[in-house]
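To keep things clear, I will list the structure first and then write my remarks on it.
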Amino acid sequence: MNWKIPPKLKILEALGAIADNRVKIIDSENAEVISEDKTERFLVTRDLASNAIMSNDQESSEKGFLGYPSLAVLMINGVLPYDIQLAKKLKNVPWKRLRDTYKDYDVEFHELVKGWSSQDQKRLFQYVRWISSMLGELGLEKLDDKDATLSEFIGKG
């Protein structure tokens, strides 16, 4: 089963996670992403051979779209482009406070960028369109135990 395209805000949150140095690559298949408030750690696992990825963040688990931890890892690994200029503007954003205040991804997105210059907003909107389009073209699958081979499953015990 393929992942749904995430809300625009999640792409920004991924840029912010990288800018804040909250993404740690463990090995070629695994990474750890720490939440902005440092209260949660998310494990992202990627299988290049099967074009699949998974993360234990809430949005990935419950809403079926790629959450920011997976997006950040895909950016760091060069699967998706990383825009350092935009990332700098998203450094130290209080994402949890935004979520708790507005509780709507589109409202949060617009509140976050409303003070940006029109040039920066235009750059951001184009970047978000590119990322969303690339995600659609990549057709990333959900990686889970149901896809494991018998030998892989037995090895997990």
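Each reported figure results from applying straightforward, stated rules to the coordinates on display, with no laboratory input. Since the structure is predicted, the reported quantities are computational estimates derived from the model, not experimental observations. Neighbour counts run over all protein chains shown; Cβ positions are idealised from the backbone, glycine included.
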Subset tally (residues that are touching a residue at least 40 places away in the same chain (Cβ under 8 Å), hydrophobic (A, V, I, L, M, F, W, C), loosely packed, with under 14 Cβ neighbours inside 10 Å and in a loop (DSSP other than H, G, I, E, B)) for the range 2-52: 0
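Could you go through the range 111-118 and let me know if any residue there is assigned to a helix (DSSP H, G or I), in contact with a Lys or Arg (Cβ under 7 Å, 6 or more places away or on another chain) and under 17 Å from residue 91 (Cα atoms). I'd like the intermediate steps shown before the answer.
Applying the first criterion (assigned to a helix (DSSP H, G or I)) to the range 111-118 yields 111-113, 118.
Next, from what is left, pick out any that are in contact with a Lys or Arg (Cβ under 7 Å, 6 or more places away or on another chain): none.
Within the range 111-118 (the criterion being assigned to a helix (DSSP H, G or I), in contact with a Lys or Arg (Cβ under 7 Å, 6 or more places away or on another chain) and under 17 Å from residue 91 (Cα atoms)), the answer is no, since none of the residues qualifies.
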The lone exception for residue 8 - which of (1) in contact with a strand residue (DSSP E or B) (Cβ under 9 Å, 6 or more places away or on another chain); (2) within 19 Å of residue 132 (Cα to Cα) it fails: (1)
Members of the range 58-100 that are surrounded by fewer than 22 Cβ atoms within 10 Å (Cβ to Cβ), assigned to a loop (DSSP other than H, G, I, E, B) and either within 12 Å of the chain's Cα centre (by Cα) or free of Cβ contacts under 8 Å to residues at least 60 places away in the same chain (or both): 77, 78, 79, 80, 81, 82, 94
